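Every number in this text was worked out from the coordinates using simple rules, so none of it is lab data. Computed from a predicted structure; not experimentally measured. So basically every Cβ, Gly included, is an ideal-geometry build from the backbone, and we count neighbours across all protein chains shown.
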Amino acid sequence: MSEQVGFLTMGAARAGGDAPEIGIGMLGYAFMGKAHTNAYKKIPYMLWPPPARPRLVAVCGRNEAGVAEAARRYGYERHYTDWRELLRDDRVQVFDNGGPNNVHAEPCIAAAEAGKHIICEKPLARTAAEAKEMLQAVQRSGVKHVCAFNYRFVPAVRQARLLLEQGVLGRIFHFRARYLQEWGNSPDVAQWRYHAETAGSGALGDLGAHIIDLGRFLVGEPRSVSALTATFIKERQDPGGGTGMKAVDVDDAFEAVVEFENGAVGTLEASRFAPGRKNANTFEINGERGTIAFNLERLNELEVYLEGTSPKEAQGFRDVLVSESFHPFWEHWWPQGHIIGWEHTFVHELGHLLDAIVNNKDVAPYGATFEDGYKNAVICDAIIQSAREGRRVEIAY
């Protein structure tokens, strides 16, 4: 099984010598900057022996005082307030883009042209056209590239993928997924995620992109979508610091019905207006011989039902604790039952990228590339088009 999991066997090549050092340049130092930096710091001693030793060269942000404090706090050697200066730093070999969606395309394209390997947070871009330009840039340059769909690196999700690859469920009938959070349910919340010029879309790109990626990762390519969107709060405080109100021009929630190329059907739902749901990313897959289900709020567990198990009188769902040494990624962590958390997905994801760089491996199929990010953006655009036009839309890459 470990051969299928990607970087689980990567240490063997490095066991006889020191791992190379790879310089990291980070754009953004808030939520994702914190999560990624935490992972870089853990890689050298948890993924032992590591594929590479990340060197925290530089962090970049617009606010001089804020980014200087972030550099001191996280341990970066220097800081910049202009991403162009960061990309001119020869010590930076990996460009990590954790900025808002409107600063994904231009810096990533420039990074590719400068020969930097790239990891960019999701959604890859605000539109499919913008994502296509980013994909073309990395294809021209030949750099390694990752679109940060980190839930591919949850052990239980990877275990679900391996079960599907082994054909345990047989023919797949249904994929239903939802991603619910509650923090949008207040008119006092004001930030860049509520405006198309900075975010592209709302709950769709913020949350829905994750479940769209999981659908592609686990079930396959979609053929068509039929969708609707809703915006519940029409105005919010201007996130630019002004005292006035600014119109909300993105979705607060969406619902979509999906037809997959392999004949499966599915439903997708995302909302930031679900009181009590903190980070409820869930999916269920029904096949001819069983069902698997997952809930991110219980990310060490996988619900499994397989028909034909014995004794018949005891058939039902099993709550599998995905924490055994033979489960994906667990050789690097604790004894069984000593669970890991959300932050560890980034350790796995960034370790996968470093292994691909050092050992010239493909990021795909287990890691998401800019191609996956582009296809995700195509599907997001199709959902918006379907909701706007009130009709089913075919997916065309």
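At-a-glance table
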read-out	value
Dipole of region 89-147, positive direction: furthest Cα of Ala131, Gly99, Ala112, with charges on the beta-carbon	Ala131
Whichever lysines have a C-alpha closer than 23 Å to that of Lys144, once near sequence neighbours (fewer than 8 apart) are set aside	Lys34, Lys41, Lys42, Lys116, Lys122, Lys132, Lys361, Lys375
Phi-based couplings in Hz for region 380-393 (Karplus 6.51, -1.76, 1.60; Gly and Pro marked x)	4, 4, 5, 5, 4, 4, 4, 5, 5, 9, x, 8, 6, 10
Cβ-Cβ FRET estimate between Glu331 and Leu306, R0 fixed at 30 Å, reported to 0.05	0.75
For region 100-194, size of Cβ-based charge dipole, Lys and Arg +1, Asp and Glu -1, in debye	460
Alpha-carbon Rg with Dmax, taken over region 172-234, Å	13.9, 43
Debye log10 I(q)/I(0) at q = 0.15, 0.16, 0.20, 0.25 Å⁻¹ for region 148-205, Cα point scatterers	-0.71, -0.76, -0.91, -1.11
Alpha-carbon centroids, region 325-360 and region 256-279: separation in whole Å	27
Per-residue [θ]222 nm for the chain (sum of -39500 (n - 2.57) over DSSP H runs n ≥ 4, rounded to 500)	-9000 deg cm²/dmol
Region 229-271: projected area of the alpha-carbon convex hull, averaged over directions, in nm²	3.9
Magnitude of the charge dipole, the chain, Cβ model with Lys/Arg +1 and Asp/Glu -1, debye to 20	340
For q = 0.07 Å⁻¹, Debye-computed log10 I/I(0) when each Cα of the chain counts as one equal scatterer	-0.32
Cross-link partners of Lys246 among lysines (Cα-Cα below 23 Å; sequence separation of 8 or more within a chain)	Lys234
Alpha-carbon Debye profile of region 2-151, log10 I(q)/I(0) at 0.10, 0.15 Å⁻¹	-0.35, -0.78
Within region 2-151: Cβ-based charge dipole about Cα centre, in debye rounded to nearest 20 (Lys, Arg +1; Asp, Glu -1)	260
Cut-off under 5 Å, modelled amide H: who pairs with Arg55 long-range	Ile22, Gly23, Ile24
